[in-house]
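Presented below is the structure to which this report refers.
The numbers here are math on the coordinates, done by the rules we state, and not lab data. Small disclaimer: the values here were computed from a predicted structure and weren't measured. Every residue, glycine as well, gets a Cβ built from its backbone with ideal geometry; the counts of neighbours run over all protein chains shown.
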């Protein structure tokens, strides 16, 4: 999932030793990024109760529209928060965001506690955007920044690739609960399988951090998208050959592989897309995050509504999205506007 614009801005300012060496900063970044996952993870187990409350059929996918709505709301907020981060600084914008988050989740104890702890922890993290480098909020200034972002071909291509990759995540999240229950009859095992796949994604994140340091972003993005697309196509092929009912273990391993490889691609696409845009980092990260989050939510929601009692909709959607992402990243990494990684 996309990191908040203000946090991405801190990563873009890579000349500062804070980004490269401060493990505490990385921990704060991880926790902030995890807030979205935490919100969704507290929602998914309630799907059966939500269906019952609204008198929906037990196999209804309409409840998955809550996931789409969540990401649409998140995507809409990215651009204004990016603009505010450029104008008022990263920390103040983050505090405002956490305040909104805390108020919205007042009825949910655990996420509220996490948001409060993160707000206190941020006191230790210094501001990375000094006042003299902040941008005024003027129509002419914003229009110029928008033009700067859209003129960088590689950034546009990578933003579209991120859109496809977020569509994979949204489709998976929307259908994971109902497939585990209705296709495989393992509703009680859903929290365990969902958590196991999340652990695989976390391990992939650790591996990605090490590999990027060794081989560079650009080289990573010339290799890992092919692995991701190949895995997605293989999953779809087996799903179709088995009538949409591959073995539960193949299903689980395939998803762990797809989503694990995705972690080797998605954050690197974000980072490389922002490299040429450091002078408008807040707005650029907001634009990319907004477009990709909204686009991914819409595409994932459309695929989720095609569910027909088997794994085919999920598998075909994953194969299509990962394949398109492969071609987009390939074009972007060969673009002259991308700095060598």
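Given a cut-off of under 8 Å on Cα pairs at least six residues apart, what relative contact order in percent is computed for the stretch 223-322? Before the final figure, lay out each step's value.
On the way: 63 pairs, mean separation 50.2, N = 100.
Here the relative contact order equals 50 percent.
Would you order 78, 53 from fewest to most other beta-carbon atoms within 10 Å of each residue's own beta-carbon?
53, 78
Please state the Cα pair-distance histogram of the stretch 147-259 with 5 angstrom bins from zero: what percent is in each bin?
2, 10, 16, 21, 19, 13, 9, 6, 3, 1, 0
Using packing as a proxy for protection, rank 229-241, 314-326, 291-303 so that the peptide with the highest average count of other Cβ atoms within 10 Å comes first.
314-326, 291-303, 229-241
Note the full-extension length gain between residue 234 and residue 187 as 0.36 nm times their separation in residues minus their Cα-Cα distance, in nm to one decimal.
14.4 nm
Multiply the residue gap between residue 306 and residue 31 by 0.36 nm, knock off their C-alpha separation, and tell me the result in nm, one decimal place.
Contour length minus Cα-Cα distance gives 95.6 nm.
Would you please give the FRET efficiency between residue 215 and residue 139, computed as 1/(1 + (r/R0)^6) with r the Cβ-Cβ distance and R0 = 41 Å, to the nearest 0.05?
The value I calculate is 0.45.
How much FRET efficiency would the formula 1/(1 + (r/R0)^6) give for residue 120 and residue 245, where r is the Cβ-Cβ distance and R0 is 51 Å, rounded to 0.05?
Here the calculated transfer efficiency is 0.55.
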